[in-house]
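The values are calculated or read from the model by the stated rules, or taken from the named source; none is laboratory data. What you see is a predicted model, and the numbers here were worked out from it, not measured in a lab. As a convention, Cβ positions derive from the backbone with ideal geometry for all residues, glycine included, and neighbour counts pool all protein chains shown.
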């Protein structure tokens, strides 16, 4: 935790100087003395991180929290292994940790989404196709997600919104691969049971 | 099941794509808050300028001494040190600390952070910041690498011109500084060829130091609590071991419940020690230090410390 500081050379996303062949580990290692290297990491991942955050806590708060994620990443860049090529799981992990502060707001938002979805299609009769069935499930799903514990919600939404490969989830959660699988399976079964309760 | 969740959420947030203007705006915020963090470059052995030396003495006198000198990797036990049981639970101490931090609306927080420099064994990077808890813009930061001051930055709103920020970056090694004034409500520029933003973007007031620290404490999940001594003074100790890759130990003043030290042991790096000193609002003069007499003002282009 350090004081915010500022600069007045307000260049905004000019030409990217960092060589494109450098992977994230090398770029983060160079970021201390080369702002362009950190900007390359930012440009590479900001859309995915923003989408994940907006998906969880809404667009209004997503900009601020996305900035917070990259500020934190910059401050912790020395803890990132320079051999790791893709910083995306690590950035998701930072975002997930930061969003723990917002868990009540997230639950409130999910409940509001459930209410809005139920209101918009009160007489929805699901058709035989998967998309239609999923539409009918939306209010219950939001309500079920809201009722889950924050750690269950985290692992489910990381898997769903984060678009992480099976071997990457544990990197975002900061646990072993086995523990990540266990957490995901438990969260899925809890969600399934909550969904059953919501839809019956 | 996950496919269904993914499809629904993707549909719900299909309009959440990030356009270039917003990405640029977020980047500017990131850059403003990161560009002046400690550099990891070798520092020539120049003497610290007189004005900064005086400042450093003030801080050293006000801060507690480090537990472990910030050296190499250490097990959690060495961070915790022997602690005696406390009568209150970890959750209760954390709650009281959050309340105490929420009441800091006028004080000045001095934060002294020390950590090893990766690739330079035995060399400690130290940054000290002074931040107002009544004005999120007012702050000063001094960076010392290996005992040599390498950069000082400071910023404040211009007296009589709210919305304009004055900032100074001072490089002790060249004894030069750059002064600038920025309008906090300026229109952001976009990439060449991109349309201009639809409206002017007024920068939000950043959180105060106490608010940031409160958020950090709120995100901790301490499970161990006890008493220990720092420089002979009794302190409450909270240990957060919920993250396997990061252990945190927070030391809290038992009288005020304000944090006075945070020690972290991240993977792959030695101890990071952060000391907090709480000063009354009457010490606001410490937030700003004019460049030393004899320092030369230069343009941004000629300032030797680049982004």
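Can you name the residue in the stretch B:168-191 that is part of a loop (DSSP other than H, G, I, E, B) and away from every other protein chain (no Cβ under 13 Å) and is also modelled with the lowest pLDDT among such residues? This residue is B:173. Selection within the stretch B:106-136: residues that are crowded, with 23+ Cβ neighbours inside 10 Å, within 9 Å of chain A (Cβ to nearest Cβ) and closer than 25 Å to residue B:164 by Cβ. The member of this set that is modelled with the lowest pLDDT is B:129.
Filtered by the rule that a residue be away from chain B (no Cβ under 11 Å) and without any contact (Cβ under 8 Å) to a residue 40 or more places away in the chain, the stretch A:150-165 gives A:152, A:165. For the condition more than 15 Å from the chain's Cα centre (by Cα) and modelled with pLDDT of 80 or more, residue A:159 does not qualify.
When residue B:160 is tested against (1) in contact with a strand residue (DSSP E or B) (Cβ under 7 Å, 6 or more places away or on another chain); (2) loosely packed, with under 15 Cβ neighbours inside 10 Å, just one condition goes unmet, and that condition is (1). Checking the stretch A:71-87 against the condition returns no match, with no residue being under 27 Å from residue B:272 (Cβ atoms), within 11 Å of the chain's Cα centre (by Cα) and more than 8 Å from every other protein chain (Cβ to nearest Cβ).
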